[in-house]
1. If you restrict to DSSP beta bridges whose two residues both lie in the chain, what percentage is antiparallel, to the nearest 5?
2. What are the radius of gyration and Dmax of region 83-236, computed over its Cα atoms and given in Å?
3. Grab every C-alpha pair in region 169-312, bin the distances at 10 angstrom width from 0 up to the longest one, and report whole percents.
4. How far apart, in nanometres, would the label points at Glu184 and Tyr226 be if each is projected 7 angstrom from Cα along the Cα-to-Cβ direction?
5. How far, in degrees from 0 to 90, does helix 62-74 lean away from the longest principal axis of the Cα atoms of the chain, to the nearest 10?
6. If you scale each eigenvalue of the Cα gyration tensor by 5 and take the root, what three semi-axes come out for region 151-224, rounded to whole angstrom and sorted largest first?
7. Working out 0.36 nm times the residue gap between Ser264 and Asp213, then minus their Cα-Cα distance, what length gain in nm do you get to one decimal?
8. Taking the Cα-to-Cβ direction at Lys51 and at His30 and moving 7 Å from each Cα, how far apart do the two end points lie in nm?
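FYI, it's all coordinate maths here, none of it is from the lab. Since this is a predicted model, take the numbers as computed values, not measurements. Here Cβ is always computed from backbone atoms with ideal geometry, including for glycine, and neighbour counts include all displayed protein chains.
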Amino acid sequence: MKIQKPPKLKKDSTVAVISPSSNPDHFGIHIGVDLLKKMGLKVKLGDTTRKLLSVRTLAADDKARADDFNWAFEDDSIDGVLCATGGYGSMRILDMIDFDMIKDHPKVFMGFSDITAYHAALNQLCGMVTFHGPLVDIWPAKGEEFIKTQSEDLKTAIRVMMGQEELQVIKNPPKGMMMMTIGEGKATGRLCGGNLTLVCGILGSKYELDTKDKILLLEEVGETYYHIEYHLTQLRLCKKLEDARAIIVGEISEMRKPDEPYPSVEEIVRERIGGVNKPAIWGLCSGHGMYNAPLPLNAKIAIDATEREIRVLESVVD
């Protein structure tokens, strides 16, 4: 499929902020929206963000979330679509989204975590380059340092989407964790993936991630050690790790330690991913940690796992 780089945002461009998964924190939304406006963007809040439509932990029922998603792409007055939250619920509405329409309305799109399912569909069914990166809902409960770092990452992402900053070398910030080599070697390919649970959740569907000749990104949060080993093994059984040219593991954070003796997360990652003999890096500051720089999914990147270097090989917006 032809790759579609989204038109870059400009000053006075309008972005829609939607909540296609879990319920947003409205004070956190205020922080993010204020930042967007200070960067020269106009903001339209989707019904799922603007109204109190929550159903259990979801921002709204399935139809309302799907309608909001379709509206944000179909409305020609909107230039970009930013997700307020991740959480849960994306897989419930994939079949309700008009991807044929969206293919004819490519726009910048960003989010992570539960948003992984939307990325997979937009990348594969629409050929779009999308951004795995910060949410607009910047959780105030995580403290001032988190607000500061997430705000800076959101600013960086917007500058990239506006063509003001080129994504070239992807590296961790000075205070971030150190990347480690899991498997040595070099590779180039288009970046795909995101949250481990969602990558596994869409297996067997028409949205299933095609990792053939691609660089696979995986990250996770708040799960048990067993969960990590289980799903990495699932990906091996489905040949998703073997088909990829290389693997980047982002942060695996806030893990729930087992009561009984069990291999460490590092041992699990080294054995399950290292065992496929592909170039692989662990520790990119991407995902649910303190830092979450934008990564261009469906764009061509190069990885040197031995030297722990990642480069973007092409422009990511038109």
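1. Values: 19 of 49 bridges.
Around 40 percent of the beta bridges assigned by DSSP in the chain are antiparallel ones.
2. Reported Rg and Dmax, both Å: 16.3, 43.
3. Histogramming region 169-312 at 10 Å steps yields 12, 46, 35, 6, 0 percent.
4. So the two model labels end up 3.7 nm from each other.
5. Tilt of helix 62-74: around 80 degrees.
6. Working: eigenvalues 121, 61, 53 Å².
So the equivalent ellipsoid measures 25, 17, 16 Å along its semi-axes.
7. Details: separation 51, 0.36 × 51 = 18.36 nm, distance 2.95 nm.
Gain in length upon complete extension: 15.4 nm.
8. If labels sit at Lys51 and His30, their model points lie 2.2 nm apart.
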